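Trainee: One structure follows; several queries about it will come next.
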Amino acid sequence: MNDPLALVRETATRHGFDVVGVTSGAPLQEALTALTAWCDAGHEGSMGYLSRDPPQRADARTLMKSVRSVLTLAVNYWHDAPAFMSEARYGRVARYAWGRDYHDVVIPRLEALGRDLVDALPGASRSRAACDHSPFLERAAAVRAGLGFFGKNTCLLMPRKGSWWFLGEVLLDVELPGTESETTDHCGSCTDCLPACPTDAFTGPYVLDARRCISYLTIEHRGSIPHEHREAMGPWLFGCDVCQDVCPFNRFATPSPWPELAPDQGAGPRLDLLELLALEDDAAFEARFAGTPLLRPRRRGLLRNAAIVARNVEATAAVPILEARTHDAEPLVREHALWALAGLDATVARRSAERLVSDADEAVRAEAAAVLS
Ligand code: B12
Ligand code: SF4
Ligand code: SF4
């Protein structure tokens, strides 16, 4: 084999990965410093796994002891869709979640790529695939492999390709020539993403306080959504794209060649709030969203978000179903349904609050007391 990089590129393309970079298995030192500072500031919120052992997340050997090379691969998930309109009944879904769950789609292809490379590369005997859930700083690895640079919105941005890309890795126990290049900051004087954030989640360029990010609040956060962020969430039901939508690098977006990620394969760009709020139990919810990323916050989390968005988009047609949800078995749903009613129909909200003021759950009682006062 004369050119191992050419072989890697050709094999990656055959498996559907058009963008590939290679870096060594050495720890990501600069990113470790940034991650440690980020966690020390408490920016990870309830994602405790991020602060459990930062040095491990910066070290590919955590995933595979014998790693010598890390392939980082980018998967374009941009699919076109009509401009979002709430029409007083729809909530908005972030682009990455429109189609099938990308973990289910990307990981098997990474594994197959790893197997083929172990067969093709002399000296290789092991591979390991990773995507998102693994304890590894994926963006920093991609930067070191020369794929792109950190944008001020903290996303991995690729010149002429933008940021609508997932990242995945294949670890190999054979040393390959790296594709590292000098990282330069292509954002220049642009700061468009920072003031655009609806919840003011950036503490400065390159630093995001996850606790304020709509993506965290609607997907990762399990409890009640702090009142100070509810209105600012606007129509965002699941995730948020604002800091990428405004980024000038994303004008280079081209359609994804991955059909599994297309909007007609999953939840799509918007969801009917009335339909969501009518999902009676976990079984109905799981059947509706099987195979999509929307399962992650579970029924209670997604209905919590739907109630907030219903008020934000003035979905007055949702009042009867929101009133029904004030009887929901989940306190989180009762609490947010009542908050939504308070903004949509004062009479119905008051009627519900008079009952819920003696609810078994403290947060529901507090919401009811706020409505009655
Ligand atoms: C936790 C997490 C989140 C959290 C926190 C996000 C964050 N910015 O840290 C929340 C839930 C908010 C989130 C949101 C989103 N996420 Co997320 N998330 C992750 C996860 C699991 C870990 C990220 C992490 O470690 N964060 C901690 C910070 C400190 O690390 P970092 O962002 O990687 O990089 C920092 C340091 O490395 C440091 N740094 C290190 N070296 C250098 C060098 C220079 C020059 C500079 C300037 C900085 C720097 O600066 C960075 C910013 O502080 C990764 C998957 C993974 N295993 O890596 C996906 C991941 C980052 N998420 C992803 C996606 C798609 C999203 C969303 C777009 C989804 C959505 N639409 O709702 C949003 C984007 C929000 C945003 N602006 O970042 C993709 C990003 C792809 C890309 N092109 O960047 C990833 C890589 C998943 C994947 N496999 O594709 N996410
Ligand atoms: S994803 Fe949305 S809420 Fe999160 S930092 Fe970007 S603009 Fe702000
Ligand atoms: S909007 Fe501007 S500052 Fe923000 S990531 Fe894009 S280029 Fe960088």
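Trainee: So for each of 99-108, 209-218 I average, over its residues, the number of other beta carbons within 10 Å; can you give me the resulting order with the highest mean first?
Mentor: Going from most to least packed, we get 209-218, 99-108.
Trainee: Go through the chain and flag any cysteine with no other cysteine's C-beta closer than 4.7 Å, please.
Mentor: Cys with no partner Cβ under 4.7 Å: Cys39, Cys131, Cys155, Cys187, Cys190, Cys197, Cys213, Cys240, Cys247.
Trainee: With +1 assigned to the C-beta of every Lys and Arg and -1 to the C-beta of every Asp and Glu, and no other charges, what is the dipole magnitude of region 170-269 about the Cα centre in debye, to the nearest 20?
Mentor: My answer is approximately 440 debye.
Trainee: Within region 128-170, list the residues whose amide N lies under 19 Å from a label point set 7 Å along Cα→Cβ of Asp18.
Mentor: Within reach of a label on Asp18: 146-149, 156-169.
Trainee: Here is a follow-up. Would you mind getting the Kirkwood hydrodynamic radius of the chain from its Cα pairs, rounded to one decimal in Å?
Mentor: It works out to 22.1 Å.
Trainee: Using the Kirkwood radius built from alpha carbon pairs, what does the Stokes-Einstein equation give as D for region 7-163 at 10 °C and 1.306 mPa s, in µm² per second?
Mentor: My calculation gives 91 µm²/s for D.
Trainee: Could you calculate the FRET efficiency of Ala6 with Glu111 from 1/(1 + (r/R0)^6), where r is the beta carbon distance between them and R0 is 22 Å, rounded to 0.05?
Mentor: After rounding to 0.05, the efficiency reads 0.50.
Trainee: Kindly report the accessible area of the chain per residue (heavy atoms of protein chains, probe 1.4 Å, no ligands, DNA or RNA), in Å².
Mentor: Spelled out: the 1.4 Å probe surface of the chain, per residue, equals 43 Å².
Trainee: Turning to a different aspect of this structure: May I have the extent of the alpha carbons of region 147-195 along their three principal axes, as whole Å values ordered from largest to smallest?
Mentor: Extents along the principal axes, in whole Å: 44, 22, 16.
Trainee: Which three extents, in angstrom, do the Cα atoms of region 1-95 have along their principal axes, listed largest first?
Mentor: Its Cα atoms span 59, 41, 19 Å along the three principal axes.
Trainee: Next question, about the same structure. Report D for region 78-174 in µm² per second (integer): Stokes-Einstein, Kirkwood Rh on Cα pairs, 4 °C, 1.567 mPa s.
Mentor: D = 82 µm²/s.
Trainee: Here's another thing I want to ask about it. Carbon and sulfur: what percent of region 63-221's accessible surface (1.4 Å probe)?
Mentor: The value for region 63-221 is 49 percent carbon and sulfur by accessible area.
Trainee: Oh, and also: How are the C-alpha pair distances of region 222-357 spread across 5 Å bins, as whole percents from the shortest bin up?
Mentor: 2, 10, 19, 20, 19, 12, 9, 5, 3, 1, 0
Trainee: Shifting gears a bit: Calculate, in whole percent, how much of the Cα-Cα pair population of region 317-357 lies beyond 13 Å.
Mentor: 39 percent
Trainee: Also: I'd like to know which of Ala37, Cys240, Asn305 lies farthest towards the positive end of the charge dipole of the chain, counting +1 on Cβ of Lys and Arg and -1 on Cβ of Asp and Glu.
Mentor: So the residue we want is Ala37.
Trainee: Kindly provide the helix-only [θ] at 222 nm of the chain, computed as the sum of -39,500 (n - 2.57) over DSSP H runs of four or more divided by all residues, to the nearest 500 deg cm²/dmol?
Mentor: It lands at -10500 deg cm²/dmol.
Trainee: How big is the gap, in Å, between the Cα center of region 342-364 and the Cα center of region 283-324?
Mentor: Their Cα centres are 19 Å away from one another.
Trainee: For the pair Arg296 and His133, how long in nm is the line joining their label points, each one 7 Å along Cα→Cβ?
Mentor: Those two pseudo-labels are separated by 1.2 nm.
Trainee: Where the only charges are on Cβ atoms (+1 Lys, Arg; -1 Asp, Glu), what is the dipole of region 223-279 about its Cα centre, to the nearest 20 debye?
Mentor: Using Cβ point charges on Lys, Arg, Asp and Glu, region 223-279 gives about 140 debye.
Trainee: A further question on this structure: Which translational diffusion coefficient, to the nearest whole µm²/s, is obtained for region 159-237 from the Stokes-Einstein equation, given a Kirkwood hydrodynamic radius over C-alpha pairs, 37 °C and 0.692 mPa s?
Mentor: In µm²/s, the coefficient rounds to 204.
Trainee: If you don't mind, another one. For a paramagnetic label modelled at 7 Å from the Cα of Glu30 toward its Cβ, which residues of region 195-213 fall within the zone defined by backbone nitrogen distances under 16 Å?
Mentor: 206-207
The values are calculated or read from the model by the stated rules, or taken from the named source; none is laboratory data. Please read these numbers as outputs of a predicted model, since none were measured by experiment. No Cβ is skipped: glycine too gets one built from the backbone with ideal geometry, and neighbour counts run over all protein chains shown. Only protein heavy atoms, including side chains, enter the accessible area calculation; ligands, DNA and RNA are left aside. Shrake-Rupley method; radii C 1.70, N 1.55, O 1.52, S 1.80 Å.
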